[in-house]
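One structure is given below, encoded as C-alpha cells.
The values are calculated or read from the model by the stated rules, or taken from the named source; none is laboratory data. Nothing here was measured: the structure is a model prediction, and the numbers come from that model. Every residue, glycine among them, receives a Cβ derived from its backbone with ideal geometry; neighbour counts consider all protein chains shown.
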Amino acid sequence: MTDREIRDELITLLLAGHETTATALAWAFDHLFHRPDALERLTRSAATAPADSYLDAVIKETLRLRPPVPIVDRTLGAPLRVERPRGSRGTTVAPCIYLIPAARTSIRSPTAFSPSAFSSRRPETYSCSHSRRHAALRGASFATSR
C-alpha cells in the first residue's frame, strides 16, 4: 500500500469507528432510559464493584437489538450450508445481522431489551440471546472493548 492508501484507510477506520460507537451508545442510553430497572442495576453494579459483567451484557444486548452495521458481506472460502439455500466457494453472501436475532423461530422475545440473557456467555463469543442454536463469533471481546 502506498502512504496515501494507508492514510485513507486510517481515516476511514477512525471516522467509521467513532460513528458506530456513537450510534451504539445512543441506543444503549435509549434502552436504559426505557428500562429503569436495567439502568438502576447498571448504576448499582458500577458503584459497588467492577461493572464489567453487567456492563458487557448491556453492550451485547444493545448490539443485538441495534447493530450499528446491520449488513456485512463476505466471500465464501469454502462451501456453506445453512439449511437452505446453499452457497458454494466464491459466492458472496450478505447476511442481515439485524434480522438474525429477530427471527421469531430463534428467540422468545426478539424485541425485548434483556441484558441478563448475556450474563452466562463466554467473553470471546457473541450469539443471539434466547437462541436455541448459539452461533459464536470469535473476537467479540475485541469488538466490545472500551
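For segment 90-100, the criterion of being of a type in the set (Ser, Thr, Tyr), under 26 Å from Phe118 (Cα atoms) and assigned to a helix (DSSP H, G or I) is satisfied by no residue at all. Residues of segment 31-47 that are surrounded by fewer than 17 Cβ atoms within 10 Å (Cβ to Cβ) and either more than 19 Å from Pro67 (Cβ to Cβ) or in contact with a helix residue (DSSP H, G or I) (Cβ under 8 Å, 6 or more places away or on another chain) (or both): Phe33, Pro36, Asp37, Leu39, Glu40, Thr43, Arg44, Ala46, Ala47.
Among the residues of segment 66-82, are any within 20 Å of Ala112 (Cβ to Cβ) and either in a helix (DSSP H, G or I) or basic (Lys, Arg) (or both)? Yes - at least one qualifying residue is present in segment 66-82.
Would you confirm whether or not segment 6-26 contains a residue that is in a helix (DSSP H, G or I) and closer than 15 Å to Ala112 by Cα? No: zero hits. Taking segment 12-50 as the range and being among the small types (Gly, Ala, Ser) and over 25 Å from Thr111 (Cβ atoms) as the test, the residues that pass are Ala16, Gly17, Ala46, Ala47, Ala49. The single residue among Ala49, Ala26 that is modelled with pLDDT of 90 or more and not β-branched (Val, Ile, Thr) turns out to be Ala26. Checking each residue in segment 73-103 for being among the aliphatic types (A, V, I, L, M), at pLDDT 80 or above and touching a strand residue (DSSP E or B) at 6+ places or on another chain (Cβ under 9 Å) picks out Leu76, Val93, Ala94.
Evaluated against (1) closer than 17 Å to Ala117 by Cα; (2) modelled with pLDDT of 90 or more, Tyr54 falls short on exactly one condition, (2).
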